[in-house]
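Novice: Take a look at this one; I'll ask things after.
Since every read-out is calculated from the coordinates, none of them should be taken as a lab result. Keep in mind the model is a prediction, meaning the values are calculated, not measured. Positions of Cβ are backbone-derived with ideal geometry, glycine not excepted, and every protein chain shown enters the neighbour counts.
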Amino acid sequence: MHASQTKTSSGSETFDVIVVGVGAVGSAACYHLARRGVRVLGLERFAIPHAQGGSHGYSRQTKIAPYIGSPYEPIILRAYELWRELVAESGQPDIMVTTGFLDLHRDRTFPGYQKNAGHFEDLNWSQLHDRYPQFQLPKHYWGAYDPAGALLRPELAITTHVRLAIQHGAEIHGSTEVLSWSADQGGVTVTTDRGTFSADRIVFSAGPWTGKLLKELGIACTATRMSFGWVWPLRNVKAYEPESMPSWCLTDDDGIYYGFPMMTDVPGYKIGLHWYGEPVDPDAFDRKPNAHD
């Protein structure tokens, strides 16, 4: 029997904490709990990692400058500390790749940069045009460049968190669907398609499926369909690689577009639009690209 589990009188396996969903958030929760000596079980209905939820797509952005002076400042600074600790413990430098972050706006009234001038470089249109000719911008645009901006690798982060969590004593079950759960003064009981488990506490990080799992509590969580594009430059591919192109966001009438420099193991240059998406049932919707995408 694994050292992190025991048996109850009813025969179910019991832990201190059960984490439902082992994506970007759940895998990190399992790792940090296990590292503190907590007996933790992670339950994931799909493979680890997978492309069914929100923790996939090869890349994510992180940056510091927009959050300085806001309630999010201590959170983002602590997040950077934890990412660096994960890289150091795992020996996986590609989890977090410093690319810089370029925030492009139509005017200088954007509130996130009014009180943190020491954390970013202010670039006018002429400077943007000279440094980043990849962008064809109207002359009223300006840019804020954060040298601490970075590209995160979600799939690699998940597998690394899970590997280290197991090394610290966690138990992780992939391809295990949670069918139901209940809680009382004695703790929680979770029924899956591969057995029943008990714990003192439960953490839900099930992404699009969280709403279904928590509906009896009256908590509304809506899943929405999001789409991304990977494209190939017609010329000068090196101008879109990390040495020449930072991660970026660009405010436009449609919302906020964003992109990432090209990576050697991903076929193309990733572009997305930050919007709310169309509400869907995570178990029944069309994942194929359509004309609107």
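Residues are listed down the side, and each one gets a yes or a no for (1) surrounded by fewer than 19 Cβ atoms within 10 Å (Cβ to Cβ); (2) hydroxyl-bearing (Ser, Thr, Tyr); (3) not in a loop (DSSP other than H, G, I, E, B):
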residue: His50; (1), (2), (3): yes, no, no
residue: Gly57; (1), (2), (3): yes, no, no
residue: Pro74; (1), (2), (3): yes, no, yes
residue: Tyr80; (1), (2), (3): yes, yes, yes
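Novice: Give the residue, chosen from Gly69, Gly57, Gly118, that is at positive phi and over 16 Å from the mean Cα position of the chain (by Cα).
Specialist: Matching residue, one of Gly69, Gly57, Gly118: Gly69.
Novice: Here's something else I'd like to know. Enumerate the strands (runs of 3 or more DSSP E) found wholly within region 116-230, keeping only those where 2 or more residues are of a type outside the set (Asp, Glu).
Specialist: 142-146, 150-152, 171-173, 178-184, 187-192, 195-204
Novice: Could you please give the count of residues in region 82-107 that are aliphatic (A, V, I, L, M) and assigned to a strand (DSSP E or B)?
Specialist: 4
Novice: Is it the case that region 160-168 has a residue that's touching a Lys or Arg at 6+ places or on another chain (Cβ under 7 Å), under 21 Å from Pro49 (Cα atoms) and either among the charged types (D, E, K, R) or surrounded by 15 or more Cβ atoms within 10 Å (Cβ to Cβ) (or both)?
Specialist: Checking region 160-168: at least one residue is touching a Lys or Arg at 6+ places or on another chain (Cβ under 7 Å), under 21 Å from Pro49 (Cα atoms) and either among the charged types (D, E, K, R) or surrounded by 15 or more Cβ atoms within 10 Å (Cβ to Cβ) (or both).
Novice: Sort out which residues of region 41-80 are touching a His at 6+ places or on another chain (Cβ under 9 Å) and farther than 30 Å from Gly118 by Cα, and write them in order of number.
Specialist: Matches in region 41-80: Leu41, Gly42, Leu43, Glu44, Pro49, His50, His56.
Novice: Let me ask something additional. Mind checking which residues of region 15-53 are among the β-branched types (Val, Ile, Thr), in contact (Cβ under 8 Å) with a residue 40 or more places away in the chain and over 15 Å from Gly207 (Cα atoms)?
Specialist: Matches in region 15-53: Val17, Ile18, Val40.
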